Structures are given as structure tokens and as C-alpha cells.
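No value in this document is a laboratory result; all are computed from the given coordinates. Just so it is clear, the structure is predicted and the values come from calculations on it, not from any experiment. Glycine also receives a Cβ, built like all others from the backbone with ideal geometry; neighbour counts cover every protein chain displayed.
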Amino acid sequence: MIRAPMTSASAADNRPLRVMRVLTRPNLGGPTKQAIALWHAHQELQIETLLVTGAVDAEETVLSPAEHRIPASSAERPRGGWLQLPEMRRAIDPWADLRARRRLRLLIRAFQPDVVHTHTSKAGSLGRRAAAAEGVPVVAHTFHGHVLDDYFGPMSSLWLRRLERRLARRSDLLFAVSESCADELAAHRVAPRSRFCVMPPAVPAAVSQTRAEARARLGVEGSEWRVAALGRLVPIKRLDAFIDMVAGDNELRGDLLGDGPLRRALRERAQRRCQDRVRLLGAREDAASLLPAYDAVVLPSVREGCPLVAVEAFAASVPVVGFDVPGVRDALSSLGRGLLVPPEEGAGGLRRAVRRLRQDPALRAELVDQAAAGARACRPAVVAAALAESYRRSLRSR
């Protein structure tokens with residue numbers, strides 16, 4: 001049964017906004033980084049945010065909001081802060097999902113948010129249904145990418161598309177982190193293209209380090225050419241192409257920063273093809289601050305929503321190379337600038353692009369200069385203000 005709206009538009013205009021942000025799990029990844037950054041940016045705007053997350057899987061690396069100065073909140077008397085629901089996990093578990101949705105409804109009743117804003121698929125499903133059932137004035141969801149292609153088989157993908165269409169009808173605001181992400185969602189008929197607002201990711205500034213300082217921390221010699229790829233070690237990131245790229249150029253060295261189910265296979269591939277020229281450094285929370293150590297960042301993914309590492313590289317003045325695929329294309333041709341390689345050229349195409357950067361210092365400098373605007377557009381304060389205006393506009397329209 002749909003409940004009456006909790007607050008009126010006029011009430012929301014006369015007091016600080018109250019936002020409940022729901023995230024499936026606080027793992028070391030883009031959505032968690034953004035949720036933490038937005039919590040602090042909205043606090044500066046006098047917006048009270050309750051960040052609700054599930055729990056990470058055993059093999060994942062945690063990015064704890066508590067370690068980033070977000071205070072704990074109480075389930076009985078929730079206030080702005082962080083609250084974890086152990087029942088909410090990435091895996092499909094109908095009974096745990098039902099308990100999580102009930103817990104979310106109780107939190108909504110206690111916190112009385114003006115806006116429930118969900119992120120990632122599981123949180124989007126549970127959180128939007130709970131918010132609609134409780135009559136929350138504004139229900140929003142951000143697509144940081146999508147899993148409707150390249151992740152699952154045909155029947156699972158069909159079921160997910162139908163689910164997202166139903167959830168979109170319960171959403172007042174739909175955000176996508178890139179134009180191509182919005183275009184693909186519209187092509188899958190999740191919602192008409194006009195309903196998607198493209199909102200770049202909120203990317204916090206990394207700790208400032210010089211190239212020499214970052215290289216010293218990584219044990220990298222000052223003169224060698226070293227490239228990096230960052231992300232979860234999963235098939236869609238296509239990190240085997242990164243290893244093959246380095247393998248074909250004896251003057252090149254590379255680092256993989258991340259963890260995931262392909263860790264062992266990628267390590268064996270690197271040892272077999274590159275010996276000691278590719279290092280697997282694991283998942284590192286300080287990865288963004290290490291980027292000044294590298295001569296280029298490589299994005300070999302099949303697709304992305306909008307790769308945060310590209311924005312972090314823009315801010316670190318490091319040029320970026322990637323395949324010309326959705327998400328990567330947006331980051332390197334619209335948001336910022338980088339070198340795009342046709343995906344059919346594979347590792348060889350990436351290698352040639354990196355070689356161009358090595359041989360042309362003027363090109364490197366030009367790309368770095370043109371990419372700086374992308375980093376500025378993704379400052380958390382800029383994104384938080386744009387979101388707040390979208391929330392208020394939607395509240396007024398009610």
C-alpha cells in the first residue's frame with residue numbers, strides 16, 4: 001500500500017534536505033568512493049545524509065565509510081551518518097533480500113527522508129521498492145554502468161531488463177554517469193532517453209604527491225617507462241590485454257592495481273609472458289595518490305559506466321589510453337581527453353598508443369592539459385550541488 005508523502009515541497013524548502021543514500025556494499029570501488037565523497041559534500045551544503053550499505057563479500061576489499069569520517073548511525077534513531085545492513089549483499093538470496101527490504105522500510109519511517117537515492121543494482125531494487133511503498137517524496141537511482149550486457153546469459157539479462165523497467169516506473173529521478181550509459185539504458189527500454197539525467201561521477205581529490213614521491217613508494221626507478229591498469233580483476237575489465245600489451249614491448253613496465261577472482265590467472269599470465277615486467281600490487285585504497293608515478297593509465301575494459309580511474313588520472317596529470325567502447329569513450333573524448341584505440345586492434349593497438357605517448361612529449365602535455373577540465377567537472381562539491389538542485393526541483397514539482 002502506498003503511504004502518503006512524508007513531507008511537502010514547501011516543508012522541504014523551509015528546512016535542510018534529508019537524503020537516505022543506499023548502496024549495496026562498501027567495497028573498494030567507484031560507487032563507494034562517490035557515496036563517501038557526496039556525504040561530505042552534502043554536509044557542507046547542510047544536507048543531512050544517512051548512508052545505508054550492505055556488507056561486502058568475503059573476497060572483496062572493504063572501503064569503510066567510518067574510516068573516512070562518516071559517523072555511525074543508529075537503526076532506532078537514525079541521523080546523518082553510516083548504517084550497515086548485514087542482510088543486504090550482492091548475492092541473490094530471496095529471504096535475506098526480504099529482510100533487507102523490511103529493514104529499509106523501518107529506517108525510512110524512522111529517518112523520514114525527503115529523498116531516497118539508490119546506487120548499484122541490488123540496492124536499486126530493494127531501496128526503490130521500499131521507498132515507493134513508504135511514500136517517500138522523491139525516489140532517485142544512479143546507474144554507474146549496467147549489467148544488462150556482457151555479464152550474464154540471455155535469460156538472466158532479459159529478466160534484469162524487465163526488472164529495471166519496473167523499477168524505473170517507481171523512480172522520480174534517473175541518473176547515468178555518462179551519455180553512452182544513458183543511451184544504452186534507453187536502447188534496452190529501461191526508460192525513455194529523456195528521463196535520464198547525465199551526472200558525472202563525484203571523484204574526491206587524492207593526496208597530493210610528486211612523481212618522485214609516488215615512484216619511491218612503489219619502488220620504481222626514475223627513468224623507466226611504467227604504465228598502470230586499475231580495477232577489479234574480472235573478465236569485463238579485459239586485463240589480459242594489458243598484460244599482452246606490456247609483453248610486446250621490452251621497454252615497457254606495468255602494474256596491475258586491484259583484486260578479484262582472476263588474480264591467480266592474471267598472475268600466471270604475467271609470469272609466463274612478461275616475467276617480472278608486470279607486477280600485481282593488489283587492491284590499494286591509496287591507488288589514486290600513486291598515479292603520478294606512472295607515465296600512462298590504460299583502460300582495456302569491454303565497457304564502463306564512467307571510469308573513475310580516468311578522472312583520477314586527469315587530476316594527477318597522467319595521460320590515459322583506452323579502447324573506444326562505451327564509458328571509456330565518454331571519459332576520453334567528452335569529459336576529458338585521451339587516446340582511444342579501436343577494440344578490434346586489441347593489445348597491439350594499446351601498445352602503439354602508449355608508444356606514441358612515449359615518443360611524443362608534446363602530445364602527452366596536450367592531453368594532460370585538455371583533460372584537466374574533466375577532473376574539475378567531477379569535483380564532489382560540483383556534483384553534490386547539481387544533485388541537490390535536482391532533488392529540490394523534483395520536490396517542488398510535487
Task: Contour excess over end-to-end distance, with Cα ends at Q275 and R77 and 0.36 nm allotted per residue - done: 65.7 nm
Open item on the list: Rg over Rh of the stretch 139-219, using C-alpha atoms and the Kirkwood radius, what does it come to?
Closed with: 1.21
Task: Residues S301, S394, sorted so that the one with the fewest Cβ neighbours within 10 Å comes first - done: S394, S301
Task: Global form of the stretch 211-377, assessed from the alpha-carbon gyration tensor, a/c cut-off 1.5 - done: rounded
- [ ] First measure r as the distance between the Cβ atoms of H188 and S397, then evaluate 1/(1 + (r/R0)^6) with R0 = 35 Å and state the FRET efficiency to the nearest 0.05.
- [x] 0.85
TODO: At 20 °C and 1.002 mPa s, grab the translational diffusion coefficient of the stretch 44-120 from Stokes-Einstein with a Kirkwood Rh over Cα pairs, rounded to a whole number in µm² per second.
DONE: 159
Task: In degrees, nearest ten, helix 121-133 long axis to first principal axis of the chain (Cα) - done: 10
Task: Highest average packing first - 76-86, 98-108, 312-322, Cβ atoms within 10 Å - done: 312-322, 98-108, 76-86
Open item on the list: Restricting to DSSP H runs of at least four residues, report the calculated mean residue ellipticity at 222 nm for the chain, -39500 (n - 2.57) per run over all residues, nearest 500 deg cm²/dmol.
Closed with: -13000 deg cm²/dmol
TODO: Starting from the Cα gyration tensor of the stretch 99-144, take the square roots of the eigenvalues, sort them a ≥ b ≥ c, and report rounded, prolate or oblate (rounded when a/c is under 1.5, otherwise prolate if a/b is larger than b/c, else oblate).
DONE: oblate
Task: Relative packing of peptides 228-235, 211-218 - highest average C-beta neighbours within 10 Å first - done: 228-235, 211-218
Open item on the list: Could you give the length gained by full extension between W225 and A66, i.e. 0.36 nm per residue of separation minus their alpha carbon distance, to one decimal place?
Closed with: 53.5 nm
Task: Theoretical FRET efficiency, 1/(1+(r/R0)^6), r = Cβ-Cβ of E251 and D369, R0 30 Å, to 0.05 - done: 0.70
Open item on the list: For the chain, I need the span (max minus min coordinate) of the C-alpha atoms along each principal axis, in Å, sorted largest to smallest.
Closed with: 66, 43, 37
Open item on the list: Report the gain in length on full extension from V234 to R284: 0.36 nm times residue separation, minus Cα-Cα distance, nm rounded to one decimal.
Closed with: 16.4 nm
